[in-house]
Amino acid sequence: MNAEEFRRKGKEMVDYVADYLENIEQRPVYPDVEPGYLRHLIPTEAPEDPESFDDLLKDVDRVIMPGVTHWHSPYFYAYFPTGNSYPSLLADMLSGAIGCVGFTWPASPACTELETVMLDWLGKMLKLPDCFLAGTHGLGGGVIQSTASEATLVALLAARCKAIRQAQATNHGLLESEICSKLVAYTSEQAHSSVERAGLIGGVIMKKVPTDNNYSLSGMLLKKMIEEDKAAGLIPFYLCATLGTTSCCSFDNLMELGPICNEENMWMHVDAAYAGSAFICPEYRPLLNGIEFADSFNFNPHKWLLVNFDCSAMWVKKRADLIGAFKIEPTYLKHDNQESGLVTDYRHWQIPLGRRFRSLKLWFVFRLFGIKQLQAHIRKHIALAKEFESLVRADKRFEICAEVVLGLVCFRIKGSNELNQTLLKRITKDRQIHLVPCQLSGRFVLRFCICAHGTESLHVQKAWQHITQLTFELLQEHIN
Ligand SMILES: *Cc1c(COP(=O)(O)O)cnc(C)c1O
């Protein structure tokens, strides 16, 4: 494909994408395919000779689209949202064209510098305390990771490194392996599975602290566990608190947990993967209170801020804690500017070496929407969730299972877990809407999360009609 062809086909591709997104609600949200469906639709080998773009595009319709779960359909209510918008798609295209790998400052100065400034913009949108911002001479700063899981792991590894150094400073004979075997990290039993995984990868004990009736982690139980563990000779070093848990969007109590972590010299990481986007609205910002106690904070603009995957924003109070933990200096990555103290080499802030120019997506989205439209997007989703909540509450056959704070509603039929499982199976099989379940206090619960940018009241009303119709049929069968 030469430049001339790219100009033509590129425009066709843009039309294809716009048609896809504009008409997405006409497609069944969940695909009707069996595992292994794709292999027999395409040849067993790559072609020897070039094929035509037109043939390829036809195969996108024949091979790919039948197997796509349409996350941007207004009938998609599963998981949490994943961002999508035209400004973000355009930025991604430019990022692909520049195609730099921005591991150090000279590897592409704009890639590094725009990221630092965008994370400051975003931090200010959230009213993060100044200590998390880079500014011109701050000690903190932001970085784009691929995912919240990586941010949790990076924070845990940095905390581990700090804890090992501190233990060795007070007790010189101690081996790293001895210290590591005593390190304990904590999180709530409602935390995302990636937190437990970070403990496994980091090779430390990860304890799950029970939550209260609101599925929130409070200070008392954490404190008790820390005291017991210290008495047993263990070294508490890390807490991952969650704002907006994946199951039910509950919030851990940072105002209680923060001071405990600070007193115990433990690293507090705050995972707000989904909920973080809402903090750009002043009325939801109080949910972030207590962040001043944290060492690191992370949320995913790629979830709820109209930025395409991947873009997970992470801030640290002391960037030296991250950089100090993972620093390796091969000759081919050294450069003249690094001793000046003026440049950031993001390779020290993350696990991989390579990194894409992802801050372009933030820049395009912030400038082409403006903060006001982004706030309106968040508020609209929350209003739709409240609308769905009142539909559920008005129907005596159903119950709401957790407080509806943002765009997620947890609900179930008053009745057995089996009944609710059957309802979800039928919803999934029908493919008109798509939901996933969660477990709360041993009960099988349906999660209804407002996800797509284009979801309107009409879609939510239709979804509820569909759910109640299936419920009606299900309860009829149970009576007969
Ligand atoms: C979605 C989610 C994650 C995982 O996000 P990734 O970016 O896919 O790693 C982690 N924590 C919470 C609370 C989440 O909701």
Subject >> Residues being crowded, with 20+ Cβ neighbours inside 10 Å and assigned to a loop (DSSP other than H, G, I, E, B) - total across segment 384-404 >> reply: 3
**OP:** Pairs only if they're at least six apart or on different chains, beta carbon under 9 angstrom, first in segment 273-296 and on the phi > 0 side of the Ramachandran plot, second within 15 Å of the ligand (Cβ to nearest atom) and of a type in the set (Val, Ile, Thr); list them, first residue then second.
**Re:** 290/270
Original post:
Failed condition for residue 94, given (1) over 23 Å from residue 371 (Cα atoms); (2) away from the ligand (no atom under 16 Å from the Cβ); (3) surrounded by fewer than 22 Cβ atoms within 10 Å (Cβ to Cβ), with all others met?
Top reply: (1)
Original post:
Residues 368, 384, 360: which one is within 30 Å of residue 475 (Cα to Cα) and modelled with pLDDT of 95 or more?
Top reply: 384
**OP:** Name the one entry in 252, 295, 310 that is among the acidic types (Asp, Glu) and under 16 Å from the mean Cα position of the chain (by Cα).
**Re:** 310
Subject >> In segment 213-223, residue farthest from the ligand (Cβ to nearest atom) [restricted to those that are within 13 Å of residue 257 (Cβ to Cβ) and not aliphatic (A, V, I, L, M)] >> reply: 223
Original post:
What residue, among those in segment 30-72 that are surrounded by 16 or more Cβ atoms within 10 Å (Cβ to Cβ) and in contact with a strand residue (DSSP E or B) (Cβ under 8 Å, 6 or more places away or on another chain), is farthest from residue 14 (Cα to Cα)?
Top reply: 30
Original post:
Can you spot a residue in segment 423-440 that is touching a residue at least 40 places away in the same chain (Cβ under 8 Å), more than 30 Å from the chain's Cα centre (by Cα) and surrounded by fewer than 18 Cβ atoms within 10 Å (Cβ to Cβ)?
Top reply: no
**OP:** Give segment 231-249 a look and list any residue that's near the ligand (Cβ under 10 Å from one of its atoms), β-branched (Val, Ile, Thr) and not in a loop (DSSP other than H, G, I, E, B), or say none.
**Re:** 242
**OP:** State all residues of segment 150-196 that are of a type in the set (D, E, K, R), out of contact with any helix residue (DSSP H, G or I) (no Cβ under 7 Å at 6 or more places or on another chain) and touching a residue at least 24 places away in the same chain (Cβ under 8 Å); if no residue qualifies, say none.
**Re:** 150, 182
Original post:
Any idea which of (1) at pLDDT below 95; (2) surrounded by fewer than 21 Cβ atoms within 10 Å (Cβ to Cβ) is the one residue 121 doesn't satisfy?
Top reply: (1)
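This table checks each residue for (1) away from the ligand (no atom under 16 Å from the Cβ); (2) assigned to a helix (DSSP H, G or I); (3) surrounded by fewer than 22 Cβ atoms within 10 Å (Cβ to Cβ).
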residue	(1), (2), (3)
116	yes, yes, yes
128	yes, no, no
136	yes, no, yes
149	no, yes, yes
166	yes, yes, yes
173	yes, no, yes
181	yes, yes, yes
199	no, yes, no
Original post:
Within segment 202-225, is there a residue that is crowded, with 18+ Cβ neighbours inside 10 Å, farther than 24 Å from residue 80 by Cα, under 21 Å from the mean Cα position of the chain (by Cα) and modelled with pLDDT under 95?
Top reply: yes
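For segment 26-64, which residues satisfy the criterion of being more than 30 Å from residue 462 (Cα to Cα) and of a type in the set (A, V, I, L, M, F, W, C)?
If the condition is that a residue be more than 30 Å from residue 462 (Cα to Cα) and of a type in the set (A, V, I, L, M, F, W, C), then 38, 41, 42, 46, 53, 56, 57 are the ones that fit.
The values are calculated or read from the model by the stated rules, or taken from the named source; none is laboratory data. The structure presented is a predicted model; accordingly, all values stated were derived computationally and were not measured. With ideal geometry, Cβ positions are generated from the backbone for all residues, glycine too; neighbour counts draw on all protein chains shown.
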